[in-house]
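Report on the following structure.
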Amino acid sequence: TLTFDGSNSRQDERDVFQHGNIVRDFMFDLDNTFTNLDPTTAHVGRTDGFCPGNAWWNLGQQTMNFCEGSSQYGNTGEMGNVIYHEYGHGITEKSYQRNGAPYPSTDVGEGNSDVVANFIDRNSIIGLGFFLNNCTSGIRDADNNLQWPQDNDGGHFGGQIIAGFHWDAWQSLLGTYSQEVADSVAWNTWHYGREAGTPSNQPAQVLWTFMADDDDGDLTNGTPNYDHFCLGASNHGFECPEILSGVVISHTPLGHTTNGGLGFDVVATITSTESSVDTSQLLVWYRVDGGSYASILMTSALLPDQYTAHIPAQSQDGELDYYIFAADMSGNTRTHPPLAPSEVHSFDVASVYDDLESGTSDWTIGAPGDNATTGIWENVDPIGTQAQPEDDSTTDPGVLCFVTGQCSGPNCPSGCDLGCNDVDNGTTTLLSPVYNLTGASQAKVKYDRWYSNNTGADPNNDNWVVDVSNDGGSSWTNFENTTVSNASWTTFSVDIAALFGSPGMVQLRFRASDLASGSLVEAAVDEIRVLRQDGATDAPDLAAATPLKLALEQNQPNPFRPETRISYALPSRSEVELTVYNVGGQAVRTLVNGVKPAGHYDVRWDGRDSAGQRVSAGVYFYRLEAGAETMTKKMTVLK
């Protein structure tokens with residue numbers, strides 16, 4: 001019997017022992033040849049060296065070190081993912097060492113230690129509890145919008161770029177596959193890509209991740225999970241290996257508008273390197289207000305290899321999603337965007353659309369109580385920093401948005417650096433115009449925003465606040481109040497009817513503040529849309545009506561990846577079986593089996609067989625048996 005508790009040991013001793021073994025077992029499960037760190041020594045409760053508020057790995061000594069807590073910082077030996085991070089340095093050291101390569105650059109080393117912690121903790125944030133009295137933010141965050149190479153400082157901060165690549169790719173994989181499969185792909189490509197290539201810089205690591213995912217020694221035809229890794233790479237300024245074979249789609253997404261009366265032309269250049277495109281399989285799939293997808297066949301346009309489809313006219317105040325599907329005569333397929341329909345192009349047909357490009361005289365900068373000395377709101381083409389956007393949110397050729405202080409001018413004597421003209425010493429306020437929504441039965445206001453406060457000496461302690469008024473600014477209701485940074489353009493939607501009941505004279509108020517010591521605060525606002533509906537909102541529930549006959553609808557979307565919806569209707573209570581079959585007639589998965597009352601039904605199929613494995617791409621059939629009647633339809637699963 002071994003006693004290991006508060007009677008004979010410290011909490012940080014027990015935590016480091018526990019979490020050190022967790023990360024050791026994680027690596028052994030991933031690669032059972034990786035025992036190079038057995039055993040590892042840890043020193044806890046340190047007050048010397050880099051303390052307080054730190055932890056570190058001793059290269060060449062196989063030793064981790066954790067600082068005692070202080071009046072400002074927590075005890076790093078009591079933070080699981082900080083322990084994973086420090087052991088991660090050992091993983092990098094031994095992996096490179098056993099493959100005959102020197103330890104990589106600091107940003108690569110730090111970033112990969114974060115990746116280890118992200119994977120094990122399933123959390124993008126490193127070091128929760130590092131700053132005392134702060135349980136919502138930590139030291140670094142892999143869920144970020146940092147870009148290579150401009151945001152790389154060569155150290156911890158820049159390491160978040162490669163961590164962001166792996167985090168985004170992993171989240172995309174988790175949205176498509178089971179957790180077991182997504183984890184396996186993300187973790188193995190990370191580890192074995194580094195083992196094979198020992199990349200010395202971040203772009204090289206991205207490339208070696210694609211190579212670890214490759215299954216035929218040819219990157220020019222993509223890899224099994226190319227779209228997921230390309231998403232992560234594109235999000236952070238890295239290049240994806242160019243696909244030189246198969247179907248290639250080039251398309252500029254549609255932007256927001258106030259005019260839906262003429263419909264919308266979706267234009268794309270579509271080619272194939274292996275054969276001619278299959279003109280019967282060039283489709284635009286679209287939906288309105290989150291409804292079911294409908295498809296439109298694309299036809300030849302004016303230029304060679306150019307095709308177009310026309311989305312029909314839409315009434316005012318609609319939210320549209322769409323994507324393009326194309327195939328060639330060799331059976332290759334592709335979508336735009338690549339992960340459609342999981343990710344799609346979206347645009348609004350709004351009553352009011354303000355891209356902030358053509359004058360902002362009806363906006364108000366400043367309010368009573370404002371006292372910020374720098375970082376005052378202004379309408380400009382932003383100059384990017386690690387905390388502020390380089391581009392606005394509007395599709396080209398738009399360039400203007402509101403930002404909290406342009407990175408230029410007399411407030412930037414040292415040039416355009418991280419803290420140049422950020423919000424300092426108080427609050428700065430931006431007020432939208434007043435939108436008259438009186439009489440609307442439903443209304444929402446949408447905006448794109450950027451907010452960063454996770455850099456500087458005292459990060460994550462300042463609030464971003466958005467208030468909404470329904471009476472022209474006489475009174476306000478809070479909508480956003482957060483210290484969580486999101487240094488990327490993100491859309492927010494305010495449901496006015498849900499907030500106030502009856503929409504009235506609506507106005508938005510955006511406030512960015514620097515009230516904590518030593519923090520760097522930046523914010524931006526763009527793309528204002530107002531959508532309203534007038535008249536009755538209780539439409540008859542047509543789907544609830546009893547169908548007159550048995551019906552089996554074409555699955556939507558089709559072709560599809562990763563999931564589709566199958567609708568069917570029963571005229572009377574019946575014993576029902578709905579089963580998916582492959583082209584050989586073998587049952588793949590039974591989706592419904594039992595007695596169902598009369599009515600309309602929707603069933604989702606996630607593209608997996610009865611064992612939970614994702615089926616291969618190709619043609620499948622789904623058969624509905626209800627009583628003595630049978631109906632069958634065909635569907636296509638994409639690669």
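The values are calculated or read from the model by the stated rules, or taken from the named source; none is laboratory data. Note that the coordinates shown come from a computational prediction; the quantities given were computed from them, not determined experimentally. Methodologically, a virtual Cβ is constructed for each residue, glycine included, from the backbone with ideal geometry; neighbour enumeration extends over all protein chains shown. Just the protein is used for accessible areas: all its heavy atoms, side chains included, with ligands, DNA and RNA removed. Shrake-Rupley method; radii C 1.70, N 1.55, O 1.52, S 1.80 Å.
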Task: Selected residue (only one of 243, 296, 249 is under 30 Å from residue 211 (Cβ atoms), not in a loop (DSSP other than H, G, I, E, B) and not polar (S, T, N, Q)) - done: 249
Task: Subset of region 581-635 [touching an Asp or Glu at 6+ places or on another chain (Cβ under 9 Å), of a type in the set (Val, Ile, Thr) and surrounded by 12 or more Cβ atoms within 10 Å (Cβ to Cβ)] - done: 588, 592, 615
Task: Residues within region 214-254 that are in contact with a strand residue (DSSP E or B) (Cβ under 6 Å, 6 or more places away or on another chain) and either open to solvent by less than 30 Å² (accessible area, probe 1.4 Å) or charged (D, E, K, R) (or both), tallied - done: 3
Task: Residue match in region 56-77 (condition: open to solvent by 10 Å² or more (accessible area, probe 1.4 Å), aliphatic (A, V, I, L, M) and at pLDDT below 95) - done: yes
Task: One residue from 362, 354, 381, 391 being under 20 Å from residue 450 (Cβ atoms) and either touching a Gly at 6+ places or on another chain (Cβ under 7 Å) or in contact (Cβ under 8 Å) with a residue 24 or more places away in the chain (or both) - done: 354
Task: strands (runs of 3 or more DSSP E) fully within region 16-113 counting 2 or more residues that are closer than 28 Å to residue 208 by Cα - done: 55-58
TODO: Go through region 252-277 residue by residue and tally those that are under 26 Å from residue 447 (Cβ atoms) and not in a loop (DSSP other than H, G, I, E, B).
DONE: 3
TODO: Would you be able to tell me the number of residues in region 328-343 that are in a loop (DSSP other than H, G, I, E, B) and either among the basic types (Lys, Arg) or buried (at least 20 other Cβ atoms within 10 Å of the Cβ) (or both)?
DONE: 4
TODO: Within region 373-393, track down each residue that is open to solvent by 20 Å² or more (accessible area, probe 1.4 Å), more than 16 Å from residue 360 (Cβ to Cβ) and of a type in the set (A, V, I, L, M).
DONE: 383
Task: Residue in region 319-327 that is in a loop (DSSP other than H, G, I, E, B) and open to solvent by less than 30 Å² (accessible area, probe 1.4 Å) present - done: no
TODO: Within region 116-126, count every residue that is surrounded by 22 or more Cβ atoms within 10 Å (Cβ to Cβ) and either farther than 20 Å from residue 189 by Cβ or among the hydroxyl-bearing types (Ser, Thr, Tyr) (or both).
DONE: 2
TODO: Among the residues of region 394-443, count how many are open to solvent by 10 Å² or more (accessible area, probe 1.4 Å), closer than 20 Å to residue 527 by Cβ and either among the β-branched types (Val, Ile, Thr) or at pLDDT 95 or above (or both).
DONE: 8
Open item on the list: Quick check on residue 367: is it in a loop (DSSP other than H, G, I, E, B) and either of a type in the set (Val, Ile, Thr) or touching a strand residue (DSSP E or B) at 6+ places or on another chain (Cβ under 6 Å) (or both)?
Closed with: yes
